[in-house]
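Here the structure comes first, spelled out in structure tokens, and everything after it is commentary.
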Amino acid sequence: MRAIWKGAIAFGLVNVPVKVYSATEDHDISLHQVHNADGGRIRYQRRCEVCSQVIDYSDIEKAFEEDGRTVVLSKDELKAIPAENSHEIDVVQFVPSEQLEPMMFEKSYYLEPDSKSPKAYVLLRKALEDTDRVAIVQFALREKTRLGALRIKDDVLVLQSLLWPDEVREANFPSLEADVRISAQERDMSAALVESMAADFDPASFTDDYQVQLRQLIEAKLEQGESLDTEETFGVEAGEGSKGEVIDLMEALKRSLDRKRGSGSAAGSAGEEAGRDSGGAAGEGEEEAKPARKRSTAAKPAASKSDAAKSADKPAARKTSAAKSAGDKAGAAKSSEAKGTAGKSTASKSAAEKPAAKTAAGKATGTRARKPA
């Protein structure tokens, strides 16, 4: 970096010599104008409207015109203004940083110590740190007296020029005076959208897309020449952008929330589907379950803890279920068989189990079939 100005911070009776550097720079790609017919570069000439001659910059002076009168001010006369000759950054106040209106900030400058010992520089920095305040200063730079704020960034004093109060326009919009009612639902929805987009500010995570794409266009033009296809270069038609669709405010909020939560919902749905698949019958979707009600309910007793399932898995439970199911139809036969031999009892029970199990399954199936699909 190259210093653009040298001066001293006047901190009471303490002088802090400093060098001033521009803290920001323009990263935009520089373009110039050419004649579209032959590519010739367009240049501007300083031409006098009285004699029509092209004037060298060294022969140009500045002037002020008012009420038909013109006052010409030479370079020497402008340099004679006392404020222009001042190289002092005068501290006039120390104020809380929250009292500064961000709209007033204009340009930032780094200040480097310009003396053999940086003790006075460090002292001023410590004073700002200990009091948690910002120094309001006045200084002259490039033919203008400026207001500024002196603060700290990474152990370096930073001077930020401020606009004068009369340079900030007043916002006066009659449309904002209209009575607009915001519903509680709209406020809640907008708050939820803000919360879904909340994050810590990281400037490095943002990119100047236009400059990146402009560089891409230049490189493609250098390679392809006049045969350049912008749609192929960018993957979209030239000039394609948002359609500016006008939709309902609540609908816009809902769509915004759905878009922000979409990735999380998709991951959750995938997890649920995996869980259903591992659970067997529970993995069937609702759409499949409705038209195939009979088929799914027939499989359902096999997976549940019903009497029919018990009869298929446990012999003892099957006997109990069969005896209960045939209690009304074959009660007398069972009583006589129970008094007989053990072999006849076993044979009759086995014979009774088969129709009883069929009856139980038939009842379950018939009951399910009566329900609307």
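Descriptive notes on the structure:
- Positive minus negative residues near residue 211 (Lys, Arg vs Asp, Glu; Cβ under 12 Å): -3
- Solvent exposure of residue 94, expressed as accessible area, is near 80 Å², computed with a probe of 1.4 Å over the protein chains only.
- Rounded if a/c under 1.5, otherwise prolate or oblate - segment 143-227, Cα gyration tensor axes: oblate
- Full extension of the chain segment joining residue 210 with residue 230 gains 5.8 nm, where the gain is 0.36 nm per residue of separation less the Cα-Cα distance.
- Checking the Cα-Cα distances for 75/153; 6/144; 221/260; 79/107; 6/75 against a 27 Å cut-off, the pairs over it are 75/153; 221/260.
- Simple Cβ-charge dipole of segment 116-187, Lys/Arg +1 and Asp/Glu -1, about Cα centre, in debye nearest 20: 540
- Neighbour-limited loop hits for GluC sites (Glu not before Pro), segment 83-168 (at most 15 other Cβ within 10 Å; DSSP other than H, G, I, E, B): 143
- Taken along its three principal axes, the alpha carbon spread of segment 1-101 comes to 60, 41, 28 Å, from the longest extent down to the shortest.
- Three-way shape label, segment 14-57, alpha-carbon gyration tensor, a/c 1.5: oblate
- Antiparallel bridges, percent of DSSP beta bridges restricted to segment 1-114 (to nearest 5): 85
- Maximal additional length on extending the residue 255-residue 127 stretch stands at 41.0 nm, based on 0.36 nm per residue less the C-alpha distance.
- Amide H contacts under 5 Å for residue 114, placed H, 5+ residues apart: 18, 19
- Karplus-derived HN-Hα couplings along segment 14-23 (A = 6.51, B = -1.76, C = 1.60, θ = phi - 60°), whole Hz, x at Gly and Pro: 9, 9, 10, x, 9, 10, 10, 10, 5, 7
The values are calculated or read from the model by the stated rules, or taken from the named source; none is laboratory data. As the structure is a prediction and not an experimental result, all values here were calculated from the model. We place every Cβ from the backbone using ideal geometry, glycine too, and count neighbours over all the protein chains shown. Note: accessible area is taken over every heavy atom of the protein model, side chains too, but ligands, DNA and RNA are not part of it. Shrake-Rupley method; radii C 1.70, N 1.55, O 1.52, S 1.80 Å.
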